[in-house]
Structures are given as structure tokens and as C-alpha cells.
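Participant: Before I ask anything, let me first share the structure, which is written out below as C-alpha cells.
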Amino acid sequence: MTQVPRHIKRHDGVISRADRERLLGQRGAVVWFTGLSGSGKSTLARALEERLTGTGRLVYVLDGDNIRHGLCADLDFSAAGRTENIRRIGHVAALFTDAGVLVLTAFISPYRSDRAQVRQLVGDDFVEVHVDADLSVCESRDPKGLYKKARAGEIPEFTGISSPYEAPEAPDLRVDTGRQTLAESVAAVEQLLAQRGLLSVSPKQ
Ligand SMILES: Nc1ncnc2c1ncn2[C@@H]1O[C@H](COP(=O)(O)OP(=O)(O)OP(=O)(O)O)[C@@H](O)[C@H]1O
Ligand SMILES: [Mg+2]
């Protein structure tokens, strides 16, 4: 990673994060979904987005498939490419949080150390959700036909097949999409956010 030149200093405005949160009547936070391909990260993030938008909140989903078309289009799926992908997303998510937005992210994010870095960057308002489903379940779903291609050797470095997935050891929440319904998983995340005060209408103190 390149160093920031010494003459570049941060420049803060008069309007604070609390001002923006007050304006929006919500808290900025990150709900970070991690799990194998096909585990249900995007499905869950979109369902939660719909649910929370319906209750009057400004929510934004950052999704792996979309980000890889633009911001991270230059990155590959090597270990270094994946780490850089998550580093960039982490910074984007932190900026959105500072803007007062409730961010939902849907990235495989296979490495524990990468996720830990994002947690450190975002701070208290980071909620890690392990979208857990057995590899066999994910592979049988294969919504994008990627497992089939990976097994045929057409996609190298595919998580769970030819590239590692480091499951969270202590996630804030674990949802088992092989056994729970989508509605149950959405409700569990919403309940956790409420418990943490992240659905409060007053700004962070
Ligand atoms: N309980 C459940 N929760 C979430 N998804 C489920 C559930 N049961 C079945 N599914 C199905 O599993 C698939 C999950 O696919 P989805 O695209 O959300 O996975 P993903 O984790 O985002 O994968 P990728 O990392 O490849 O983007 C969908 O086809 C969804 O309909
Ligand atoms: Mg997805």
C-alpha cells in the first residue's frame, strides 16, 4: 500500500456526523455479511434493506458483484486482490457510516484479518453477521452456476473449493440459512441492531 504524502492533512467541516444523524433521524452503522458464495448474503442484505427502508431508514447495500464492476474492477481473486477489495470496501463503508447511512455489505470476505481491519476502522458501529450454510447446501443452490464452473476448473481460486474461507470465530450473529427461513434471518439481524441501539432515532453521543 502506498504511503499518504506528509503534506496531505485531513480537513473537517463544521457539520458533524451527529448533525447528519439528527437530520436523518437514524444512526450510521455497518452490517457486514460474510459467508460462502450462495450462502445468502445478497438475498439477506436485500431483504433487510427492504424491511428497514420500509421503516423509514436510509439504507445502502454494497454488494460484491456490483463493486467488482467498478471500484474494484482492477482487482483479481488472489489473496492480495481479495484483501485490497475488502480494504477499499471497508473505507467506503466507513465513509457511508460517517454520512449517517445504515450500510449493509454482502462480500464473501474470506479472511479474518481483513474483516478485523474493517471492524477496527468502523469501530463500535460494526456488526459482523456470519451467513452460515454448509458448502453442500451452497453448492446445491448454486444460484449463479459458479460452483459448477469451479468444479469444472473454469474458475480458479473459488472460495470453498480452491481458495480458503475463514469462518468468523466470534461473529456478532450467526444465521444458518440452511435451516432458518429468510424471514427468520432478517428478524434476527433486526433484533440485534435494535439491541445494540443501532436503530435508535437519536444520534450517536
Ligand atoms: N434461508 C435462506 N436465506 C437466504 N437465501 C436462501 C435461503 N434459502 C434459500 N436461499 C437461496 O439461496 C441463494 C443465495 O444466493 P445469494 O446470491 O444471496 O448468495 P450470496 O451469499 O450473495 O453469494 P455470492 O457470494 O456468490 O454473491 C438464493 O438463490 C436464495 O434464494
Ligand atoms: Mg451476493
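Participant: Where does the chain land at 222 nm, in deg cm²/dmol rounded to the nearest 500, when only DSSP H runs of n ≥ 4 count, each adding -39500 (n - 2.57), divided by all residues?
Facilitator: Computed mean residue ellipticity for the chain: -12000 deg cm²/dmol.
Participant: Would you mind checking which residues have amide H under 5 Å from residue 26's amide H? H placed 1.01 Å from N; only 5 or more apart, or other chain.
Facilitator: Residues meeting the amide H criterion: none.
Participant: For the chain, with the dipole built from +1 on Lys and Arg beta-carbon atoms and -1 on Asp and Glu ones, taken about the Cα centre, which of 153, 108, 38 lies farthest toward the positive end?
Facilitator: 108
Participant: Each residue of region 64-80 in order: what ³J(HN,Hα) in whole Hz does its phi give by Karplus 6.51 cos²θ - 1.76 cosθ + 1.60, θ = phi - 60°, with x for Gly and Pro?
Facilitator: Using θ = phi - 60°, the values come out as x, 4, 6, 5, 5, 7, x, 3, 10, 4, 7, 9, 9, 9, 5, 4, 5 Hz.
Participant: May I pose another question? Where does helix 41-54 land angle-wise versus the long Cα axis of the chain, in degrees 0 to 90, nearest 10?
Facilitator: Approximately 30 degrees, to the nearest ten.
Participant: Sticking with this structure for a sec: How many angstrom lie between the C-alpha centres of region 190-205 and region 93-128?
Facilitator: Here the two parts' Cα centres lie 16 Å apart.
Participant: Under the definition of Cα pairs under 8 Å and six or more residues apart, what whole-number percent is the relative contact order of the chain?
Facilitator: Details: 298 pairs, mean separation 68.8, N = 205.
Normalised by residue count, the contact order of the chain is 34 percent.
Participant: Please express the Cα-Cα pair-distance distribution P(r) of the chain as a list of whole percents, one per 10 Å bin, running from 0 to the bin with the greatest distance.
Facilitator: Once binned at 10 Å, the Cα pair distances of the chain give 8, 34, 35, 17, 5, 0.
Participant: Taking the Cα centre as origin and putting +1 on Lys and Arg beta-carbons and -1 on Asp and Glu beta-carbons, what dipole magnitude results for region 24-195, to the nearest 20 debye?
Facilitator: For region 24-195, the charge dipole is close to 200 debye.
The numbers here are math on the coordinates, done by the rules we state, and not lab data. As the structure is a computational prediction, the values presented were derived from the model and not from experiment. Positions of Cβ are generated from backbone atoms using ideal geometry, with glycine treated the same way; all protein chains shown enter the neighbour counts.
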